[in-house]
Amino acid sequence: MTMQTRVSKDIDAAVRLLSAGDLVAVPTETVYGLAGNALDKNALLKIYETKHRPSFDPLIMHVASLEQASRYVRHIPDAYYLLAEKFSPGPLTYIFDKNELVPSLVTSGLPTVAIRIPNQPLTLELLLRLDFPLAAPSANLFGRISPTTPHHVLKQLKGSIPMILDGGKCSLGVESTIVHFSEGKLQVLRFGSTSPDQLKEVFKGSIVTPENNSIVAPGQLKSHYSPAIPLYFGKVADLVRQYKDKKITLITFSGKHHYPGIVNLPLTLNEDMAEAARNLFSTMYEAENSGADLIIAEKLPEFGLGLAINDRLRRASAND
Ligand code: TXA
Ligand code: MG
């Protein structure tokens, strides 16, 4: 079904649509989310349908406070209170044991639910005005590039949702970090905008990150965030040599690479990781529309936000 998709800052309209069981794309500080009433089975089905998302990939539930979260979970570990003091509202998602109020469509049948408090003024106000939480995966088609502007959302979902709440460009640009406190340890299930080093400053116990952990979030498929043309990820000089007969567009961190006839889209001009994260997905959209045969993306230093950015680029480069 095709419908008009309005882009607007009208929170009242968003409240009306969501309360009627419709979907609205909402801004967060990380990426735009495709939001629906997390307690309404039909709204949840619409999310999976609209995104073409497989039903084994669970959704994050968004709330305005930990207090609101407490209605939907069995217990809030002390570790989460500690983390929330520093990181919420913000780009950190917590895994809880869910209670019976959370539909199994949110969690893909898992006994746990992912919850986050986004740090975006329009969406926080929206959450405060609703009497239900919002289930919101990133507002892209399944497997494609995550959206950080209303325009990105329109490119993928125009005509299939009634409204995009316009919060401009997302301030962080890479999804939340997902953590699960269990058996006394903090497991990082997905690298994201809160780095393990930041977590370490607050959580003094043991932190297990995805490199040395076999437990990852379900739905973290090897191939994800894919542009419409092939993307190769690694050492720029080697890859440029390997694909020298093709039309290449580069995505780089250092911006220092100069090859005659090759477009270079630097993520940042002064090796600023936060700027690189903010520009990551918009640069991927730009690269896929640059008329090139393929994209070569430079690997960033493997620390801080570099871990999350490299994770996205690695998945964008996988083609199985
Ligand atoms: O920054 C973000 O987290 C954005 C914004 C919109 O909030 N949302 C987002 O949602 O990235 P999505 O659907 O693209 O990714 C959510 C991921 C799922 O793929 C899954 O891996 C994980 O969250 N997840 C959800 N529920 C889970 C659970 N119960 N246990 C483990 N992982 C879970
Ligand atoms: Mg996503």
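Descriptive notes on the structure:
- Prolate/oblate/rounded label for the stretch 1-122 (Cα gyration tensor, a/c 1.5): oblate
- Simple label model, 7 Å out from Cα along Cβ direction - GLU183 to GLU286, nm: 4.5
- Hz values of 3J(HN,Hα) by residue in the stretch 229-238 - Karplus curve (6.51, -1.76, 1.60), Gly and Pro given as x: 10, x, 10, 10, 10, x, 7, 4, 4, 4
- Stretched out straight at 0.36 nm per residue, the stretch from HIS258 to VAL7 would grow longer than its current Cα-Cα span by 86.5 nm.
- Anisotropy class of the stretch 118-248 from Cα gyration tensor, a/c 1.5 cut: oblate
- Cα shape, the chain, gyration tensor, a/c 1.5 rule: oblate
- If R0 is 25 Å, the Cβ-Cβ spacing of ASP272 and GLU302 corresponds to a FRET efficiency of close to 0.90.
- Remark: ARG314, ARG16 ranked as ARG16, ARG314, counting other beta-carbon atoms within 10 Å and listing the fewest first.
- Among PRO58, PRO77, PRO91, residue whose mean-square fluctuation peaks in a GNM of the chain (springs only between Cα atoms under 10 Å): PRO77
- Rounded to the nearest whole Hz, the Karplus-based 3J(HN,Hα) values (6.51 cos²θ - 1.76 cosθ + 1.60, θ = phi - 60°) of the stretch 172-178 follow the sequence 9, x, 10, 4, 5, 7, 9, with x at glycine and proline.
- Projected label points at PHE142 and LEU101, each 7 Å from Cα along the beta carbon direction, are separated by 2.9 nanometres.
- Helical runs assigned H by DSSP (4 residues or longer) give the chain a calculated mean residue ellipticity at 222 nm of -8500 deg cm²/dmol, each run adding -39500 (n - 2.57) before division by the residue total.
- Most positive-pole-ward Cα, VAL106, TYR94, HIS151, against dipole of the stretch 83-153 from beta carbon charges: HIS151
- From the alpha carbon centroid of the stretch 42-116 to that of the stretch 271-320 is 27 Å.
Where a number appears in this text, it was derived from the coordinates with a stated rule and is not lab data. None of these values were measured; they are calculated from a predicted model. Neighbour counts are summed over all protein chains in view; Cβ atoms, including those assigned to glycine, are modelled from backbone coordinates with ideal geometry.
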